Amino acid sequence: MTTATSAAKTLSQPLSLPNGSVLPNRFAKSAMSEALGTLDNHATERLPQLYKRWAEGETGLLITGNVMVDRNALGEPGNVVIENEDDLPMLQRWAKAGQPALAGGQGHIWVQLNHPGKQIPKFLGLKTVAPSAVPFEKALQSTFTTPRALTAAEIETIIERFARAAAVCEKAGFDGVQIHGAHGYLVSQFLSPHHNVRDDEWGGSLENRMRFVVRIYEAIRAATTPGFAVGIKINSADFQRGGFTNDDALEVCAKLSDLGMDLIEISGGTYEKPAMTGVTKDSTAKREAYFLDFAHQARERISAPLMLTGGFRTAEIMAEVVESGAVDLVGLGRSLAIEPDLPKRILAGENAASQVKPIRTGIGMIDRMGMMETAWYTRQLARMADGKEPVIDENGLKSLLGTVASTVFRSQKMRRMRG
Ligand SMILES: Cc1cc2nc3c(=O)[nH]c(=O)nc-3n(C[C@H](O)[C@H](O)[C@H](O)COP(=O)(O)O)c2cc1C
């Protein structure tokens, strides 16, 4: 039986990555979009403030919320964009805030790099691109437009953007980057035969569909030094008919592991099927560690360290999955948005469990959407960034209305600023 003391012992073990760096313990903060940048997409002081809070909570690896590689391709107003070195001083402060001295060594902080592709909400007023011009399913067509298919030259430009942003991250002092290859964003769109119906070298066979992510990985490696970590977050499946399957995911993980990926984080779902936060009819959502079955399968096939994210709530299960060898790092999202010191308490031998529970408005249609929970948790991040405490029992509907109002206001302001 796993006791609180044995869980603490298991989770306090350092972890060596292929690039030689050592993570101080087995906790990782999964990316959560902070939207704490300015409306012209520069990092602000609120980011180091927030990350200081998480660093004090003793999470060994902090992965930032998605940072975009193109200012014309955003997921929400206030996303940070890295296209050049203009923001180096603030990025340096952000990196520093995430690197505390911990019992197992220095904490690490990586930047999650993303391009949303077709997943740019209409209210941002930006044009959307994707591997192919495939429309969203009906329920989401009022939120997202049908994208334009990328040209081959544009694909090369986006690959270069990922590499340039990674080089800036290294210069700023971050320990690594994570390619966002999950949740239906551009990399994940390329991998999916539903979203990618190209008949050139970027589409068709799985080898062609994974060319985009392989090329991004290689370009980042070429632009950074060997000690800089490169990881990926990838879907175990999209849970979409005709989409990216478990078998596809295993093949892609095997390829990326062979190439030398330092960490593979497993998640799942898209806006159309939001399995990442457990908003799904799939049975995996009924228990902790939603994508554990896939992690076991991946472990059989690959040597790269594995991080599993989605649904972890108790120290006992976190320790068990690490102990079983299926997973090397426990990824936490929502728990850390309301309890930034949860890892510290578990590492101290406390029998702690996350207080995350479903956030509901009471309106079924809204509650089935992934964006609903995201809105609620984003508000908690903003509170911590301002030195306040999260409000664990904030009303779902009130929070949603507040977020919608502020997002509409900020989007309009952003559009006016851009002219
Ligand atoms: C507010 C919020 C923002 C998120 N933003 C991102 C993001 O930028 N990139 C990403 O890969 N996942 C994002 N996610 C998904 C989380 O990383 C994680 O996969 C998900 O919350 C499941 O883990 P959990 O059960 O521990 O919360 C976000 C989740 C939340 C709640």
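The values are calculated or read from the model by the stated rules, or taken from the named source; none is laboratory data. What you are looking at is a predicted structure, and each value in this text was computed from that prediction instead of being measured. Cβ placement follows ideal geometry from the backbone for every residue including glycine, while neighbour counts extend to all protein chains displayed. These area figures cover heavy atoms from the full protein model, side chains too; ligands, DNA and RNA do not enter into them. Shrake-Rupley method; radii C 1.70, N 1.55, O 1.52, S 1.80 Å.
Some notes on this structure:
- Residue ID - nearest to ASN351 (Cα to Cα), chosen from residues in region 9-57 that are in contact with a helix residue (DSSP H, G or I) (Cβ under 7 Å, 6 or more places away or on another chain), open to solvent by 20 Å² or more (accessible area, probe 1.4 Å) and not in a loop (DSSP other than H, G, I, E, B): ARG53
- Enumeration of residues in region 312-324 that are open to solvent by less than 10 Å² (accessible area, probe 1.4 Å) and either within 11 Å of the ligand (Cβ to nearest atom) or under 14 Å from LEU62 (Cβ atoms) (or both): PHE312, MET318
- Conditions (1) within 22 Å of TYR217 (Cα to Cα); (2) away from the ligand (no atom under 13 Å from the Cβ): number failed by ILE63: (2)
Here's the yes/no breakdown for (1) closer than 30 Å to ILE346 by Cα; (2) assigned to a loop (DSSP other than H, G, I, E, B):
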site	(1), (2)
THR59	yes, yes
ARG71	no, yes
MET90	no, no
GLN99	yes, yes
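- Among the residues of region 165-191, the one identified as buried (at least 21 other Cβ atoms within 10 Å of the Cβ), assigned to a loop (DSSP other than H, G, I, E, B) and away from the ligand (no atom under 16 Å from the Cβ) is ASP175.
- Every residue from region 223-264 that is assigned to a strand (DSSP E or B) and either under 17 Å from LEU61 (Cα atoms) or of a type in the set (Phe, Trp, Tyr) (or both): ALA229, VAL230, GLY231, ILE232, LYS233, LEU263, ILE264
- Among (1) over 22 Å from SER192 (Cβ atoms); (2) more than 16 Å from the ligand (Cβ to nearest atom), the one test that PRO131 misses: (1)
- Within region 149-157, one or more residues are outside any helix (DSSP H, G or I) and in contact with a helix residue (DSSP H, G or I) (Cβ under 9 Å, 6 or more places away or on another chain).
- Residues satisfying the stated conditions in region 135-148, i.e. touching a helix residue (DSSP H, G or I) at 6+ places or on another chain (Cβ under 8 Å) and either of a type in the set (Val, Ile, Thr) or open to solvent by less than 60 Å² (accessible area, probe 1.4 Å) (or both): THR143, PHE144, THR145
- Yes/no for ARG221 being open to solvent by 10 Å² or more (accessible area, probe 1.4 Å), within 17 Å of ARG148 (Cα to Cα) and either at pLDDT 95 or above or within 16 Å of the ligand (Cβ to nearest atom) (or both): no
- Scanning region 63-92 for residues that are open to solvent by 10 Å² or more (accessible area, probe 1.4 Å), polar (S, T, N, Q) and closer than 19 Å to TYR51 by Cβ turns up ASN66, GLN92.
- Residue list for region 385-416, restricted to those being open to solvent by 60 Å² or more (accessible area, probe 1.4 Å), modelled with pLDDT of 90 or more and in a loop (DSSP other than H, G, I, E, B): ASP386, GLY387, LYS388, GLU389
- Going through (1) on the phi < 0 side of the Ramachandran plot; (2) open to solvent by less than 20 Å² (accessible area, probe 1.4 Å); (3) touching a residue at least 60 places away in the same chain (Cβ under 8 Å); (4) within 16 Å of the ligand (Cβ to nearest atom) one by one, GLY269 falls short only on (1).
- Residues satisfying the stated conditions in region 283-304, i.e. in contact with a Pro (Cβ under 9 Å, 6 or more places away or on another chain) and either open to solvent by 10 Å² or more (accessible area, probe 1.4 Å) or not in a loop (DSSP other than H, G, I, E, B) (or both): SER303
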